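Encoded as C-alpha cells, the structure appears first; notes follow it.
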Amino acid sequence: MTVKDLVKQLDRPKIVKGPADPNIRMNGFLEASRIYAEKFVELDKGYHDLLEAKNAQLAQVTELTKELDVAISNLHPSFRKSFAEVTLQKDGQYFSLVKAEDGFTYLGGYVSDAGLDRDGDRMSTRALESMKTAINGGMALFMNHDHGPLDTLGAFVPGSARIDGKGLYAEARLEDPESNPNVKSLLSKLEAGVPLGLSVGGDMAGSKTVKEADEEGNPRTVREISDVKLYEVSVVGLPSNPRARITGVR
C-alpha cells in the first residue's frame, strides 16, 4: 500500500453498520498511523540515499575535473622565465641615452639564449626560433608581466629579432617618457646602472629531461624546453639568466 492509497483510505468516509465499537475504531486508526509512519520513514531514507548518491557523483566529477586540469597543464604549462640582464655599463662606462632620428628611444638587447639558467632550464634552438618569429610578428614590451593598456613600455621593431652566437637579440621602440611615466622611470634606472631583466611569458609546447655533467664533472638534470608559444616580453627586476647584456640605447 502506498502513502497515496493510505491517505485516500483515511480520508474516505466510514460507514458503520451495526453498533460502533470505539476500541475497534481506535485500533484501526493506530494501525493506519503506524503504516503511514513506516512509509514516511521509508521515503525519507530513500530521499537521503538519493542525495548521498548525487553528492558522491558530484565529488567524483570534481576530482576528475582537477585531474583533467593537471593533465592539460602538463601538456601546455604556462611559464615566465627571465633572461637578459639589462645594463648600460660597458667597459666601466655608461652609455648615454640618445634619441634616434625619428625622435624615439630604442632599447636593444638579448631576450634569451641557449645557456642554462638559474632554474636549471635551457632553451633549444627551435624554441629560440619560435620566439624570434613571434617577436618579429609584432609584440609589445610590458612592465613586470602586467598586461593592461597602461603597462606597456613600447613595442618590438618587426624584423629586429635575430639569433647570433650569443642568443636571441631584439630591439624595442620605447614610448615617449613624457607621456609614459613607466618609461621615464625605466630610463632613469638604466641611466643609474640599476640591473634589470627581460622576462618572456607564454606556454611550453614541449620539453625533455637531459642528464649531463656540470663544469666540475658532477651529474645534473637539465630541462630542455624544446618549443614555446611566446605571448609577451616584460622588463623585470630579477632576471634568471645573467649572461646577455644590452648592447645600447639610442
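Relative to its residue count, the range 120-242 spans a Cα convex hull of 121 Å³ per residue. The calculated FRET efficiency for the pair Asp119 and Lys189, based on their C-beta separation and a Förster distance of 35 Å, comes to about 0.90.
All of the numbers you see were taken from the coordinates with simple rules; none came from a lab. Computed from a prediction, not measured in an experiment: that's the story for all the values here. Note that each Cβ is placed from the backbone with ideal geometry, even for glycine, and that neighbours are counted across all protein chains shown.
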